[in-house]
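Heads up: the structure comes next, in structure tokens.
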Amino acid sequence: MTTRASTHGRRQTGFVLLTALVLLLALTLAALVAMVYQANQARVAGNTANAQISFETAEGALRVAEGQLLSGAYTAVPFTVTGNNGLYLFNPLQAPYWTNPSTWTTSGATFSSTFTGLSSAAPQVLIEQLPSVAMPGQSLATTQYGGGVQTVNVYRITARAVGANGKAPVMVQSIFHQ
């Protein structure tokens, strides 16, 4: 019996070792895939939070600009076709100013809002004074001939903000009348 056991032990070719190494490799690959997936999920969550900060900051800057229009903060500053520190007169013969990327990088083309939220930089605001209109129910004929009701000033306010890391730019707009 002793002889048989010793010959049987010599015929083993390391199958258990090979199986253990294959299983270890499979577990290692599964762990690496899980780590990469988790890292991607964390990056997606961070980008989503950053975009939300951008949106909320731009929305806050928009509301501040609307409040300043209501309070008359811009009545002493003239709106011009070429722009006066972010205050523009609507020009139907050219593309809106907010569509030009250089508007957002040129000094004096926009103004910084006092509302910064959690953004890494103050949001930029641009206000365009659109043609005045009559409100629903008002007669345009009486306004055209110098009588009747007063027209309403209409503004297009555009705010642009970035997130906490300076990325994920968001632009929001509102049409505002007073």
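Each reported figure results from applying straightforward, stated rules to the coordinates on display, with no laboratory input. Because the structure is a prediction, the values reported are computed rather than measured. A quick note on method: Cβ atoms are made from the backbone with ideal geometry, for glycine too, and the neighbour counts reach across all protein chains shown.
Given a Förster distance of 45 angstrom, what is the FRET efficiency for GLN173 paired with LEU23, based on the Cβ-Cβ distance and rounded to 0.05? List each step's numbers first, then the result.
On the way: r = 59 Å, r/R0 = 1.31.
The value I calculate is 0.15.
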Sequence-separation-based contact order of the range 27-178, relative, with Cα cut under 8 Å and 6+ spacing, percent: 28 percent
Residues PHE176, PHE115, sorted so that the one with the fewest Cβ neighbours within 10 Å comes first: PHE176, PHE115
